[in-house]
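Participant: Provided herewith is a single structure, encoded as C-alpha cells, for subsequent inquiry.
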Amino acid sequence: MQKIVFSLLAFLITSTALFSQIVEPVKWSSEVTKAEDGTLSLVMKATIEDGWYLYTQEIPENGPIPTLFTFENENNAFELIGGVVESESKSKYDKIFEMELSYFSHEATFTQKIKVLDAALSTIHGTVDYQSCDDEKCIFEMAEFTFQLPSASVPSQEEKVEAEKAIENTKDEEGDSRGLWAIFIFAFLSGFAALLTPCVFPMIPLTVSFFTKQSKNPKTGKRNAILYGLFIIVIYVLLGTVIVAIFGADSLNAFSTNVWFNLLFFLLLIIFGISFLGAFEITLPQSWANKVDKQADKGGIVGIFFMALALAIVSFSCTGPIVGTLLVEAASKGGLAPIIGMFGFSLAIALPFALFALFPGWLNSLPKSGGWLNTVKVVLGFLEIAFAFKFLSQADLVLQLHLLEREVFIAIWIAVFGALALYLLGKIKLPHDGPLEHISVGRLMLALFTLSFVMYLLPGLWGAPLNLISAFPPPQEYSESPYGVGFSKLGGGVAENHSDLPEGAHLLAPHDILAFNDYAKGLAYAKEVNKPVMIDFTGWACVNCRKMEQNVWPDPNILNVLKNDVVLISLYVDDKRELPEAEKYVSEETGKKIKTIGNKWSDLQITRYKANAQPFYVLMNLKEENLIDPVGYTPNAEEYLDWLKTGIANFSK
C-alpha cells in the first residue's frame, strides 16, 4: 500500500512538472483617466514577477524585442498625443547582445494620451507585444486591452487648445542602484588615478603643510584641511549637477545609442588621450586662476573654498580628461549618474588631504615626485585612446557601416597596448619624459602585464572569443571572418555536403547545422531521410537561446548529433512577419488572434506542449510523438547530450 501511495505521488509530481510549463511572469491591467483639459490617458500597468524583467520600448538595433503598443483607430475617432510614456527603467550591459539595454523589474506603467474626436466613441481596443526573460528563459507574448471611455470625452475648443499645449512628463523615482554603485566605484578609482598625476600629487604635501603651519594651532589646521577636502567634493558635485540640469536626467541615457554622441565622445577621448601623451595641454584660461587666487588670499572659510576651486582650475590639464571620460560614461547611464560620478571622483581626491591633515606623520611615507608621475599620465593617455574606440565601434554598429569590424578593433587595441608596453620598457620616449637610466620593478611588472594582454589579444584576429574583454569589441558575427580565419565551418557533418539545400532549409551559422524554419517542410525532409526531428522553439531576441547556441551546441559531441542524427526545425516565436489573411485565425487554446508567423509557432508550443518559454527543445518521431520529455534551458553540456542520445535511442527502437 505504501508503495502504491509513493508511486501515485511520483506520478502526480511528474504530471505537474509536464503540464505546468506555461508561465505568465507579466500580468497587465488597464484604466482610463481624464485630465482637466478634457484629454484622456490610456494607462497600462505591468506587474512583473520576481526574477523576471520586461524590456522597454526603446531598444537599440540588433537588440531584443522592445515592448510595442498598438491601438485600433480605423475611423480616426481619436488622436494620439505624443507617444507612449513609460515609467523609469533600469539599464545593464548585456554580454549576449553587446550593448546597454533598458528594462523594468517588479512593475512598469505606460501611458498614452489621446484626444477624442468622435463623441460616439465609447471603447478603444489595444494590444501590447513584449518580451520578458529571467535567468533561464524568455517568453514572447501579446496582451489585449479594452478601454471603456467615460462619457463626454470630447473636449471643448478651449480644452483642445490646452491639450495641444500640455506636455506629458510623468516618471517614477525608482533608479538602478546597482548601476549607480558601478559608476561610483569607477569614479572613485578614476579619482585615485587623477591623484597620481603631476598636477595633483605634489599638491598633497604642499597644501597639508600650508594648513598645519599657517594655522594658529594644529587643531585649526586639521579643521581647515578637512574643510578644504569637503569643498573639493562640493565643487565637483556641482559640476555633475550642472550636467544633469543642462541635459536632463532622463535624456542622458540616450547618449549610449545615439550615433552623433558616440562620435563626439570618440573625438573627445582621442583628444584627451593625445593631451595625456604630451602633444598639448588642455587648460582653463589663466585669468580664471588669477581671479580665484585673489579670492583665496582673503582667508577664512571663503578663502578655503577658493583655494579648493584654484586646485580644480590649476590641475585641469591632468584631471580634465579624466573628468571628461567619467562624465561621458556616467551620461550614458542617465539619471543621477553624473552627480554620483563626480561625488566618487572628488571623494578620492579629497580623502588624502583630510587624512594627511589628521595624521601629518604620514607625509614622510609619500614617494617623492618625479618622472613616475608623468608615466602615470602617459599610461592613462593610452587607456583613453583604447577606450575611445568603443564609442566609435558603437556608432559603426548602429549604422552597420562595417568600417570597424571585430578584427580591425582588436588590431587597434593590439597596436595601442603594444605601444604602451614599449613605452613602459623605455623603448619609446614622449615629450615630457626625462632621461631614463633604468626602469623600476613596478614599471617592469606593468610592462609584462601589458605584454601578456597583447599576447592574449592576438588570437582574437583569428576568431578567438576573448571573453575577458567581451564588453568592448564588436560581436563575433560582426567581422570579416565570422567562422575565424582559416575556418569556414565549425565541425563536420552532413550539412557540409549539401551544395543544393533541401527546399526551405538553410545552414545555421556559425555551426553550419542544416535547419528549417518551417515546421511542415522540416517534417517532410525528416521523413525523406528517416531521422528524428528536434524542434527548437526559439526567438531572434532570446538571450538564453543564444547562450545555448554559443556555449552548449559547439560541444563536439553535441554538434555531431545536431548535424548528423536529427533534423533541426527552429521556430522563432518572435517572428513579426504577417501571415497571409487566409492563414490568420483565433487560437482555440488562448482565444488570441494569431496574426504573425511568430504567433503561429507560439500557439503551436502552447497548444501541443503546454509551454510558452524559450528556449524549448522537443525530440519527436516521424508520427510527431515525443521520444523524450521536452527540456528548456540546459547549460550543462553533458546533461543536454544525454537528453539527445536518450531521445535518439528511443527513435531506433
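Participant: Going by what's in this entry, would ALA348 be described as open to solvent by less than 20 Å² (accessible area, probe 1.4 Å), touching a Ser or Thr at 6+ places or on another chain (Cβ under 9 Å) and at pLDDT below 80?
Facilitator: Taking the combined requirement at face value, the residue does not satisfy it.
Participant: For the range 43-112, list the strands (runs of 3 or more DSSP E) that sit wholly inside it and hold at least 1 residues that are farther than 27 Å from ALA337 by Cα, among the small types (Gly, Ala, Ser) and open to solvent by 20 Å² or more (accessible area, probe 1.4 Å); which are they? Please lay out each step first, then the result.
Facilitator: Values: elements: 53-55, 68-71, 78-86, 90-94, 99-104.
Output list reads 78-86.
Participant: Could we say that TRP260 is at pLDDT 60 or above, open to solvent by 40 Å² or more (accessible area, probe 1.4 Å) and assigned to a helix (DSSP H, G or I) here?
Facilitator: For TRP260, the condition - at pLDDT 60 or above, open to solvent by 40 Å² or more (accessible area, probe 1.4 Å) and assigned to a helix (DSSP H, G or I) - is met.
Participant: Among the candidates LYS600, LYS645, LYS576, single out the residue that is closer than 28 Å to TYR130 by Cα, surrounded by fewer than 17 Cβ atoms within 10 Å (Cβ to Cβ) and among the basic types (Lys, Arg).
Facilitator: Numbers: LYS600 fails: surrounded by fewer than 17 Cβ atoms within 10 Å (Cβ to Cβ); LYS645 fails: closer than 28 Å to TYR130 by Cα.
Every option except LYS576 fails the conditions.
Participant: Identify, from the list PHE472, PHE391, the residue that is in a helix (DSSP H, G or I) and aromatic (Phe, Trp, Tyr). Working first, answer last.
Facilitator: Numbers: PHE472 fails: in a helix (DSSP H, G or I).
Answer to the check: PHE391.
Participant: A further question follows. Report the residue count in the range 394-405 for those that are at pLDDT 85 or above and open to solvent by less than 30 Å² (accessible area, probe 1.4 Å).
Facilitator: Within the range 394-405, the subset at pLDDT 85 or above is 403-405.
Subsequent filtering for residues that are open to solvent by less than 30 Å² (accessible area, probe 1.4 Å) retains 404-405.
Residues meeting the conditions: 2.
Participant: Right, something else. Give me the pairs, please: first residue somewhere in the range 548-562 and among the charged types (D, E, K, R), second residue anywhere and open to solvent by 10 Å² or more (accessible area, probe 1.4 Å) and not in a loop (DSSP other than H, G, I, E, B), beta-carbon distance under 6 Å, and either six or more positions apart or on two chains.
Facilitator: Close Cβ pairs (under 6 Å, with a partner that is open to solvent by 10 Å² or more (accessible area, probe 1.4 Å) and not in a loop (DSSP other than H, G, I, E, B)) amount to ASP555/ALA637.
Participant: For the range 422-458, name all the residues that are without any contact (Cβ under 8 Å) to a residue 40 or more places away in the chain and under 23 Å from LEU392 (Cβ atoms).
Facilitator: First, the residues of the range 422-458 that are without any contact (Cβ under 8 Å) to a residue 40 or more places away in the chain: 422, 425-429, 435, 437-439, 441-442, 444-445, 447-453, 455-456.
Those that are without any contact (Cβ under 8 Å) to a residue 40 or more places away in the chain and under 23 Å from LEU392 (Cβ atoms): THR450, PHE453, TYR456.
Participant: Pairs under 6 Å by beta carbon, first residue under 16 Å from ASN564 (Cβ atoms) in the range 636-648, partner of a type in the set (A, V, I, L, M, F, W, C) and part of a helix (DSSP H, G or I), six or more apart or different chains?
Facilitator: Qualifying pairs under 6 Å: LEU641/ILE558; LEU644/VAL561.
Participant: Give me the pairs: first residue in the range 573-585 and assigned to a loop (DSSP other than H, G, I, E, B), second residue open to solvent by less than 60 Å² (accessible area, probe 1.4 Å) and aromatic (Phe, Trp, Tyr), beta-carbon distance under 7 Å, and six or more apart or on different chains, which are they?
Facilitator: VAL573/PHE140; VAL573/PHE537; VAL573/TRP601; ASP574/PHE140
Participant: Another one. Going through SER91, SER87, SER41 one at a time, which residue ends up being of a type in the set (S, T, N, Q) and farther than 28 Å from GLN148 by Cβ? It would help to see each step written out before you state the result.
Facilitator: Details: SER87 fails: farther than 28 Å from GLN148 by Cβ; SER41 fails: farther than 28 Å from GLN148 by Cβ.
So the residue among SER91, SER87, SER41 that is of a type in the set (S, T, N, Q) and farther than 28 Å from GLN148 by Cβ is SER91.
The values are calculated or read from the model by the stated rules, or taken from the named source; none is laboratory data. From a predicted model like this one, the values you see are computed outputs, not experimental measurements. With ideal geometry, Cβ positions are generated from the backbone for all residues, glycine too; neighbour counts draw on all protein chains shown. Heads up: the accessible areas ignore ligands, DNA and RNA and are worked out on the full protein's heavy atoms, side chains in. Shrake-Rupley method; radii C 1.70, N 1.55, O 1.52, S 1.80 Å.
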